[in-house]
1. From (1) within 30 Å of SER249 (Cβ to Cβ); (2) touching a Lys or Arg at 6+ places or on another chain (Cβ under 7 Å), pick out the condition that doesn't hold for VAL143.
2. With the structure loaded, tell me whether ASN93 is over 34 Å from the mean Cα position of the chain (by Cα) and closer than 18 Å to ARG24 by Cα or whether it fails that test.
3. Report yes if some residue within segment 213-228 is in contact with a Ser or Thr (Cβ under 9 Å, 6 or more places away or on another chain) and at positive phi; otherwise report no.
4. Since LYS81 meets every condition but one in (1) touching a residue at least 40 places away in the same chain (Cβ under 8 Å); (2) closer than 14 Å to GLN35 by Cβ; (3) surrounded by 13 or more Cβ atoms within 10 Å (Cβ to Cβ), which condition does it not meet?
5. I'm trying to understand the selection: among the residues of segment 137-157, which are of a type outside the set (Asp, Glu) and assigned to a loop (DSSP other than H, G, I, E, B)?
6. Please work out which one of (1) outside the structural domain of ALA330 (by TED's automatic domain parsing); (2) crowded, with 18+ Cβ neighbours inside 10 Å is the condition ASP232 fails and give its number.
7. Every residue in segment 58-73 that is in contact (Cβ under 8 Å) with a residue 24 or more places away in the chain and within 21 Å of ILE42 (Cβ to Cβ), please.
8. Yes or no: segment 46-57 includes at least one residue that is over 15 Å from SER30 (Cβ atoms), assigned by TED's automatic domain parsing to the domain that holds ASN20, in contact (Cβ under 8 Å) with a residue 24 or more places away in the chain and in a helix (DSSP H, G or I).
Amino acid sequence: MALTEAQRFHLKKFIKELENFRGRHTELVSVYIPQDYDLNKILNHLTQEQGTASNIKSASTRKNVTDALERMIQHLKLFKKTPANGLAVFSGNVAKREGQQDFKVWSIETPVPLRTRIYRCDKEFVLDILRDMLEAKEVYGLVVMDRRDANIALLKGKTIVPLVKTHSEVPGKFKAGGQSAARFSRLIEGAAKDHYKKVAEYMKETFLNMEGLRGIIVGGPGPTKYDLVEGDFITNEVKKKIIAIKDLSYTGEFGLEELLEKSQDVLAQEDVMEEKKIVGRFLEMLATKQNMVAYGENDVMNKVKMGVVDILLLSEDLSDGKIEEFEAAAKPVGTEIRIISTQTREGVQLRDLGKAAAILRYEVHT
């Protein structure tokens, strides 16, 4: 499940805030509650941990842990049940000076289903599970081949996961013996086509109904990859998913690594295609239907409050506080929010137009 731009923004902001805190001892409490987990069991567990914490030798650490647990228990009592995706809760004394007290509690409903249950006291909050949620969960298909071999793999984040390895029965380059050159050539071509059909079938089995598949990249030495892709071997539904074909020097595992290296441009481009598309739509409407758009912080905020904004585009260059202001105004009126990076030409144009833009639900004449 991919995060929306808004979910990613809030999660990054949440993690960044908690990363700033360090305990002097193992006194910062982190609790992860999986989806559908009984909240009363967590409350009972935390009460038991309070009793265990009373045995801590250091008086200051003992007080910090038991007080942090008490604040967390009181906070969790505000929830009737565990939120749909699960809950991460953090509590501790975050005073900068030793001997002072500044107990705080944070909680966040995780944007994707939480499967892990954790209770931990440490010198810092346990944030790796939340950081992992920021990692892209979409996958790409990788196919590396020549006339002799083919490898099919997935790219998850930056990790290559091999799936299928197949070898063809195409004869090697040796003398044909008593066979005529023409007959030998026909044998080679026939075996090559069988190889392509087999690779295409593996691609269909692997990629046709795969959830989260962003695209397939095919590579290999020589013209074989084009014979596969441009020939009548791959089913149309799978062929539509091919986003790039790359020339390689290797096949096998080295070929997969080389394909990843040579596809960085494609992968980077894919990540921002949705952003480019929506900002491009706004810019086109700005040129042709000016009464259907707005830009600039003040004008856009006014339109949001009027309830006429369909899609709100916010540059990542806006301050966190300003983004939250827009979100607070947009949420009650059902406006879709997109946070746009400045890594593309379109993103830079949005920034230069005032960092905020809107596509309206209908024409507004001012």
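The values are calculated or read from the model by the stated rules, or taken from the named source; none is laboratory data. In this text the structure is predicted, and so the values were computed from the model without any measurement. Virtual Cβ from ideal backbone geometry, glycine too; neighbours counted across all protein chains shown.
1. Of (1) within 30 Å of SER249 (Cβ to Cβ); (2) touching a Lys or Arg at 6+ places or on another chain (Cβ under 7 Å), only one is false for VAL143: (2).
2. On the way: over 34 Å from the mean Cα position of the chain (by Cα): no; closer than 18 Å to ARG24 by Cα: yes.
Against the criterion (over 34 Å from the mean Cα position of the chain (by Cα) and closer than 18 Å to ARG24 by Cα), ASN93 does not qualify.
3. Yes, segment 213-228 has at least one match.
4. (3)
5. If the condition is that a residue be of a type outside the set (Asp, Glu) and assigned to a loop (DSSP other than H, G, I, E, B), then LYS137, ARG147, ARG148, GLY157 are the ones that fit.
6. Here ASP232 clears every test but (2).
7. First, pick out the residues of segment 58-73 that are in contact (Cβ under 8 Å) with a residue 24 or more places away in the chain: 58, 60-61, 64-65, 67-69, 71-73.
Correct list: ASN64, VAL65, ASP67, ALA68, LEU69, ARG71, MET72, ILE73.
8. Narrowing segment 46-57 to residues over 15 Å from SER30 (Cβ atoms): 47-48, 50-52, 54-57.
Restricting the remaining residues to those that are assigned by TED's automatic domain parsing to the domain that holds ASN20 gives 47-48, 50-52, 54-57.
Now narrow it down to the ones that are in contact (Cβ under 8 Å) with a residue 24 or more places away in the chain: 47.
Filter once more, keeping what is in a helix (DSSP H, G or I): 47.
Scanning segment 46-57, I find at least one residue that is over 15 Å from SER30 (Cβ atoms), assigned by TED's automatic domain parsing to the domain that holds ASN20, in contact (Cβ under 8 Å) with a residue 24 or more places away in the chain and in a helix (DSSP H, G or I), so the answer is yes.
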